[in-house]
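Just below is one structure, and these are the notes that go with it.
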Amino acid sequence: MTLLRSLYTPLAVAWYGLVVAVALSFQVQAKESALSAKDYGALPQNSMLAVSPSGERLAYRTTGSKGEDYAVVISLVDGQQLNAIDLSNITPERMYFANENEVIVVASTVRKLFGYRGKMDLSTAYAFNWRSGDIRQMLTPGDVIYTGQSGLGRVIGLSPDNKYAYMPAYVPKDQYDNNPRFSLVRVDFEKPKRPKVHFKGRTSSRDFFVDESGEVIAHELFDNKNNVHRLMARRGDEWEEVYRKETEIPVVSFTGLSPDRQAIIFLATAKGRDRKNFYALSLATGEVVDLGFGRDDADVERTYKTLDRRVWGLRYSGLTPSYHFFDESISQRMEDIQSYFEGHSVWLRDWSDGWEHLMVYVEGTNSSGEYYLFPKEGAPMRLFAARPNIKSAQVHPIATINFKARDGLMIPTLLTLPKSKVDDLKSLPAVIMPHGGPASYDRVGFDWLAQALANRGYLVVQPQFRGSTGFGHAHYQAGQGEWGKKMQDDLSDAVDMLVRKGIVDAERVCIAGMSYGGYAALAGGAFTPEKYRCVVSVNGVSDLEQMLRTEKRDHGRHHWVVAYWEKLMADGDADKDTLRAVSPSRHSEQFQAPVLLIHGEDDVIVPLKQSRDMYKRLKREKKPVEFVELEDETHNLETPEGRMQTVEKIVAFVDKHLQP
């Protein structure tokens, strides 16, 4: 353990009156990295690690520079490879052990379906038996379940004998039914064809919770037309309503069952409180109990549950994560593990039965991503580096600062520092990089684009602007209806603060982002054109009116998702004039800086049309603009080719406009 501790020594560095916590080591003095943008942007070589229930086997995804993509199962006892399957024809999203022999690979593919408009992101799950080598698709659209659906990779429970998996899916009454019910189906691992309908839901069904025998004991529903969110509990042969709220948008998140299955665990922000907390709702009485895990300085942002959806612990929000479990000994183990990697993000990725082995992923200033296995007894095991070609000395350090926006709101901010400039932070060229979502936030970790840009000498600035999650309800609420306005001011204020401190050269600042971050980059170019020397939007939104039309088409005008976006973009007042006023494509004449647009052809979240229209409007105004369409690429840049093309184009574009 002393070796681990010596590699992660935190220091505090004072710059221009700001105290910034940075995790640095002796390697800060190393020469500037010789790696290219392509090296930083490559997909992780090793990812999606999962440990078997016994803790004796490991499954993981491994990729190669020539397009190789495999799911591999190895023995942790002797290190031998047990089996592998080719993943090159699908886009894997995650993997886990359903039992000791079956590895579930959740994957997706984007394609057109006959009879349906446009392309669809069709996700499903495959069962891979590493002993026999058999691979079976668990659910197939059209086989009992509705043809035009995605999201088919979820398992919410197993039968006691591990023979069956219970999986939610839309099930039609017949081939002509275009309003199928969201139901629970029982899938045989060995013979998944013709799955059985285990529990017939309703069109308003949202989720299901099962007991140890696989019977549904709780049923969540949301009626989009009448705006009613409910939870029904089974009492013998009857169903009783234990939760009901009239709301346009669900305000509680039912996430799992208590360990004794007597209550539903949910996350919510209590009235008068600023932070999201962790509660138990009794299935017998409907009584709500505060479990006492809430904090004033962090949100409860996710729960940790076993495959039967029993909740055992939680993770708190923060620029680096922290944890708490019902079992205090597990909480203490996680604290001990985190202490070995101070200043870094330590993510709990998986665990074996009885929490005997904890697998964590570590990333940050001294790490481009590494997996470790910590047994309850004995020495920890370093499993794999996610990016073995990027050494510790080639990772650029990450700092955190807070600053006050013009109205006094505190904005937490991440800075990725060019390693060669750490001792001389004066008049640096900078890239402002707002995150996507916008209901999300950046964390200390290996951000491939930030690292690639820092490697070229740029300070990368990631403000957690109002509307970001993770910093309390008030911080999130402050962004409602502020697209292109106060949310944009927070980005401008970050630039101005760093310029005042002498850290950033005001004449050499670009703005770049993906998804909502792409919108924010375009909004920067349109509404504060004097601030930026170049603008980069990847899979970004340019026209909010058009975006809302797409959401209504995909979900239906009464769906809560539509209300959610209306609230986010315009505080519920989403009329044409309001949306156009903050749509960059409607203000193309105001751009001064050159623009780079990059968009995946298979993006089903933000359609390609958003960037195409932006490009046409800028060309019409004779503004300098480049447009790159990524073939066979999705919203999240999941292909090696798309990722490489993106990082190289962005770095070359920023170099062109920011280098002396």
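If you take the beta carbon distance between residue 134 and residue 54 as r and set R0 to 22 Å, what does 1/(1 + (r/R0)^6) give as a FRET efficiency, to the nearest 0.05? Calculated transfer efficiency: 0.60.
State the extension gain, in nm to one decimal, for the chain segment bounded by residue 83 and residue 271, taking 0.36 nm per residue of separation less the distance between their alpha-carbons.
On the way: separation 188, 0.36 × 188 = 67.68 nm, distance 5.21 nm.
My answer for the length gained is 62.5 nm.
Report, in debye and to the nearest 20, how large the dipole of the chain comes out about its Cα centre when Lys and Arg carry +1 and Asp and Glu carry -1 on their Cβ.
Rounded to the nearest 20 debye, it is 1320 debye.
Taking a straight line from the alpha carbon of residue 191, these aspartates and glutamates sit under 16 Å away, with near neighbours fewer than eight places off in the same chain left out: 102, 134, 143, 161. According to the Kirkwood relation over distinct C-alpha pairs, the hydrodynamic radius of the range 51-159 is 15.0 Å. Expressed as a fraction of 2.2 N^0.38 Å, the value expected for a compact globular protein of N residues, the C-alpha radius of gyration of the range 88-240 is 1.08. Taken one residue at a time, the phi angles of the range 238-248 give Karplus couplings (6.51, -1.76, 1.60, θ = phi - 60°) of 10, 10, 10, 6, 10, 8, 8, 8, 7, 7, 5 Hz. Gly and Pro are set to x. What the Cβ-Cβ distance of residue 549 and residue 109 gives, at R0 = 25 Å and to the nearest 0.05, is a FRET efficiency of 0.45.
Output needed for the range 299-409: three equivalent-ellipsoid semi-axes, defined as square roots of 5 times the C-alpha gyration tensor eigenvalues, in descending order, whole Å.
Numbers: eigenvalues 137, 93, 26 Å².
For the range 299-409, the semi-axes come out at 26, 22, 11 Å.
As a proxy for reagent exposure, 239, 560 were ordered by neighbouring Cβ count within 10 angstrom, fewest first; the result is 239, 560. Which of 472, 523, 506 sits farthest toward the positive end of the charge dipole of the range 451-603, with +1 on the Cβ of Lys and Arg and -1 on the Cβ of Asp and Glu? Of the listed residues, the answer is 506.
Would you mind counting up the charge near residue 161? Only other residues with Cβ under 14 Å from its Cβ, with Lys and Arg at +1 and Asp and Glu at -1.
Working: positive: 163, 186; negative: 100, 102, 188, 190, 212, 308.
Local charge sum for residue 161: -4.
Backbone amide hydrogens, once placed in the peptide plane, bring residue 183 within less than 5 Å of 169, 170, 171, 201, excluding anything fewer than 5 places away on its chain. Taking every DSSP helix (H) stretch of at least 4 residues in the chain, weighting each as -39,500 (n - 2.57) and dividing the sum by the residue count yields a mean residue ellipticity at 222 nm of -5500 deg cm²/dmol.
Here's the picture: charge each Lys and Arg Cβ at +1 and each Asp and Glu Cβ at -1 in the chain, and of 439, 135, 316 the one pushed furthest to the positive end of that dipole is 439. By other beta-carbon atoms within 10 Å, ranking 267, 49 with the fewest at the front produces 267, 49.
Full extension from residue 410 to residue 501: what is 0.36 nm times the residue separation minus their Cα-Cα distance, to one decimal in nm? Before the final figure, lay out each step's value.
Values: separation 91, 0.36 × 91 = 32.76 nm, distance 1.73 nm.
Working it through step by step, the gained length comes to 31.0 nm.
Electrostatic bookkeeping for residue 188 treats Lys and Arg as +1 and Asp and Glu as -1; over the other residues with beta carbon under 12 Å from its beta carbon, the sum is +4. Cα convex hull, the range 132-222: 88 Å³ per residue, rounded to a whole number.
Mind scanning 531/609; 38/656; 225/567; 486/623; 391/656; 38/391 and naming the pairs with a C-alpha gap bigger than 20 Å?
Table pairs above 20 Å Cα-Cα are 531/609; 486/623; 391/656.
In this label model, residue 577 and residue 377 are separated by 7.4 nm, measuring between points 7 Å along each Cα→Cβ vector. Per-residue Karplus couplings for the range 164-170, computed as 6.51 cos²θ - 1.76 cosθ + 1.60 with θ equal to phi - 60°, are listed in order as 10, 10, 9, 9, x, 6, 7 Hz, Gly and Pro entered as x.
Over its Cα atoms, what ratio of radius of gyration to 2.2 N^0.38 Å does the chain give? Write out the running numbers ahead of the final one.
On the way: Rg = 24.8 Å, N = 660, 2.2 N^0.38 = 25.9 Å.
In units of the 2.2 N^0.38 Å rule of thumb, it is 0.96.
Taking a straight line from the alpha carbon of residue 426, these aspartates and glutamates sit under 19 Å away, with near neighbours fewer than eight places off in the same chain left out: 32, 493, 496, 505, 507, 655.
Over the Cα atoms of the range 324-368, Rg to Rh with Kirkwood Rh, two decimal places? Walk me through the intermediate numbers first.
Numbers: Rg = 11.1 Å, Rh = 11.2 Å.
Radius of gyration over Kirkwood radius for the range 324-368 works out to 0.99.
Using DSSP H assignments, which helices in the chain have an axial alpha-carbon span of 18 Å or above and a mean Kyte-Doolittle hydropathy of -1.0 or higher? Helices meeting the criterion: 486-500, 640-658. Using Cβ point charges alone (K and R +1, D and E -1), the dipole size of the range 166-301 about the Cα centre works out to roughly 540 debye. Dipole size of the range 312-365 about its Cα centre, with +1 on Lys/Arg Cβ and -1 on Asp/Glu Cβ: approximately 200 debye, rounded to the nearest 20.
Rounded to two decimals, the Cα radius of gyration of the range 506-660 over 2.2 N^0.38 Å is 1.03.
Toward the positive end of the charge dipole of the chain, with +1 on the Cβ of Lys and Arg and -1 on the Cβ of Asp and Glu, the farthest Cα among 256, 579, 425 is that of 579.
Calculated from the alpha-carbon coordinates, the range 368-513 shows an Rg and a Dmax of 17.3, 56 Å respectively.
Bear in mind these aren't lab numbers, they're just calculated from the coordinates by the rules spelled out. Just so it is clear, the model here is predicted, and its values are computed rather than measured. So basically every Cβ, Gly included, is an ideal-geometry build from the backbone, and we count neighbours across all protein chains shown.
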